[in-house]
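These notes concern the structure reproduced below.
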Amino acid sequence: MNLFSQLAAEPTHEEIFPGTVLMRGLALPQDAEFFASVGVILSAAPLHPATTPSGLPMSVMVSDCGTPEAFRRRWDPQNPSVRKLWPAMPRVLSDFAIRCAVRSGFPHFRPDTCHINRYQAGTKLGIHQDRHEFDLHQPIVSISLGLECIFLLGGFQRTDKTKHILLEHGDVIVWGGPSRMRFHGVQPLKPDHHPLTGPYRYNLTFRKVA
Ligand code: MD6
Ligand code: FE
């Protein structure tokens, strides 16, 4: 490997907006370990379709892990597919999420949940705000594994213009502070294959919800 190919593999630290930090490739050194932890979570809490606020199934498949307190805060009686308490968050994942937050200027973040989204070709996520957490001063840490996507990052109104950000395997976005209420979404995924995840993209979002 020469200097330039080594540099290409270094994680970045890009401040996209105040409070939004993109660190490309930060999760790469532990990608297989993280993906194995996702497998452990999914064997205890199987994927199921996300539902819209009115109860309709969406194309993105979801699961969660985290503390009993977080589960009770987030439990949705409208969604009968999730009745059991969540499995605990694997230590490798919570430790990594805390380190991501520290690097991004949020040293006090201690996540109590990790939400998993699984996408395949055609799956998208409409523009939304994350507004259901208890303490909006806490940031969110987001890790991408597998297929790439175009992430849309907008402003504070649904109709504000969006930046298109390519998120690839191993990329980490942290957002909080003045960016916490930005609208965002994911464009429909293109069909592709990834050596670790096959036809899927997984996104892990770490939050403190209780
Ligand atoms: C995704 N992510 O990347 C969907 N929300 O698949 C989110 O909705 C998200 O990545 C809040 C903070 C970071 C995120
Ligand atoms: Fe979100």
Item to check | Residues of type aspartates and glutamates that Lys84 reaches as a straight line, Cα spacing below 16 Å, ignoring anything fewer than 8 places off in the same chain | outcome: Asp64, Glu69, Asp76
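State whether the range 128-169 is rounded, prolate or oblate according to the following rule on the C-alpha gyration tensor (a ≥ b ≥ c being the square roots of its eigenvalues): a/c under 1.5 gives rounded; otherwise a/b larger than b/c gives prolate, and the remaining case gives oblate.
On the way: a/c = 2.99, a/b = 1.24, b/c = 2.42.
Because a/c hits 1.5 or more and a/b fails to exceed b/c, the range 128-169 counts as oblate.
Quick one: pull the percentage of alpha-carbon pairs in the range 16-119 with a separation above 16 Å. Each step should come with its number before you reach the end.
Values: 3431 of 5356 pairs.
Of the Cα pairs, 64 percent sit more than 16 Å apart.
With each run of n ≥ 4 DSSP H residues scored as -39500 (n - 2.57), what mean residue ellipticity at 222 nm is computed for the chain after dividing by its residue count and rounding to the nearest 500 deg cm²/dmol?
Working: 4 runs with 40 residues, N = 210.
The helix contribution divided over the chain gives -5500 deg cm²/dmol.
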Checklist entry - Using Cα pairs under 8 angstrom and six or more residues apart, how large is the relative contact order of the chain, in percent? => result 27 percent
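Excluding the sites themselves, what is the longest stretch of the chain that contains no trypsin sites (Lys or Arg not before Pro) in a DSSP loop with at most 13 other C-beta atoms within 10 Å? Let's see the in-between values first.
Values: sites that count: Arg83, Lys84, Arg131, Arg158, Lys161.
Value returned for the longest uninterrupted segment is 1-82.
Can you give the local net charge around Ser63? Use residues other than it whose beta-carbon is closer than 14 angstrom to its beta-carbon, Lys and Arg +1, Asp and Glu -1. Show your work: numbers first, answer last.
Numbers: positive: Arg74, Arg83, Lys84, Arg118; negative: Asp64, Asp76.
Neighbour charge sum, excluding Ser63 itself: +2.
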Checklist entry - Under a straight-distance cross-link criterion of Cα-Cα below 25 Å, which lysines are reachable from Lys124, leaving out those fewer than 8 residues away in the same chain? => result Lys161, Lys163, Lys190, Lys208
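Is the chain best put as rounded, prolate or oblate by its Cα gyration tensor, with a ≥ b ≥ c the root eigenvalues, rounded for a/c under 1.5, and otherwise prolate when a/b is larger than b/c, oblate when not? Could the numbers behind the result be given before it?
On the way: a/c = 1.29, a/b = 1.23, b/c = 1.05.
In terms of gyration-tensor shape, rounded.
Read-outs: derived from the displayed coordinates by stated rules, not from any lab. Here the structure is a predicted model, which is why all the values come from computation and not from measurement. No Cβ is skipped: glycine too gets one built from the backbone with ideal geometry, and neighbour counts run over all protein chains shown.
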